[in-house]
1. Based on the Cβ-Cβ distance from Gln142 to Met118, what FRET efficiency comes out when R0 is 41 Å, to the nearest 0.05?
2. Can you work out the FRET efficiency for the pair Val127 and Thr62, with r the C-beta to C-beta distance and R0 = 22 Å, to the nearest 0.05?
3. Between the stretch 111-142 and the stretch 43-59, what is the separation of their alpha carbon centroids in Å?
4. List the residues of the stretch 125-140 whose backbone N lies under 17 Å from a point placed 7 Å from the Cα of Val92 along the Cα-to-Cβ direction.
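Where a number appears in this text, it was derived from the coordinates with a stated rule and is not lab data. Small disclaimer: the values here were computed from a predicted structure and weren't measured. Ideal geometry is used to build each Cβ from the backbone, glycine not excepted, and the neighbour counts take in all protein chains shown.
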Amino acid sequence: MIKQHQSATPKRHPHPMKKLTLILTLLTAISTGSFGQHTTDTILMKKVPGGYQFFQGENRLTISELIVTIKPNEQAYQQIKSAQANYTMGQVLGYAGGFIIGYQLGRALWSSEVNWRMAGLGAGLIVLAIPVGQGFNTKARQAIDTYNRGLPASARRNKSEINLSATGNGIGLVLKF
């Protein structure tokens, strides 16, 4: 008869799920730290129906956020402040012209008295608001270009991204570039 020798302490192997959890945690930590978004990302100005929108990475910026973002670059900051003045003036002219025309149209609906000179003034204000608004677009683009040129070269290039992703086939790493 053959005696089987048993060791005094049985070997314990970590549970496979514990290993997987540890590996996934490490990969997530590494990919998050390595590929996080930097505040020095370039700013993009995209044409959309009715105007332009500003983006830094995936984040959409309002005009106020754009100004705060650009502020560290003095030249770009002065340009965007000038653009903001155009934006404000264009908005005032456009709204005032629209109000005057709307008021005159309202008078035409409720009574026969229409002041065509005032309606013409409103139309003139709206027409004047168009080139002022175009001035905003031009100056904002210049400010963004100035800001982007001032960024380090590493911030201007497109960044690769690695993510941990779960699909129908299992879990894996996805590399986007």
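1. Efficiency computed from Cβ-Cβ geometry: 0.65.
2. It comes to 0.20.
3. Rounded to whole Å, the Cα centres lie 24 Å apart.
4. 125-136
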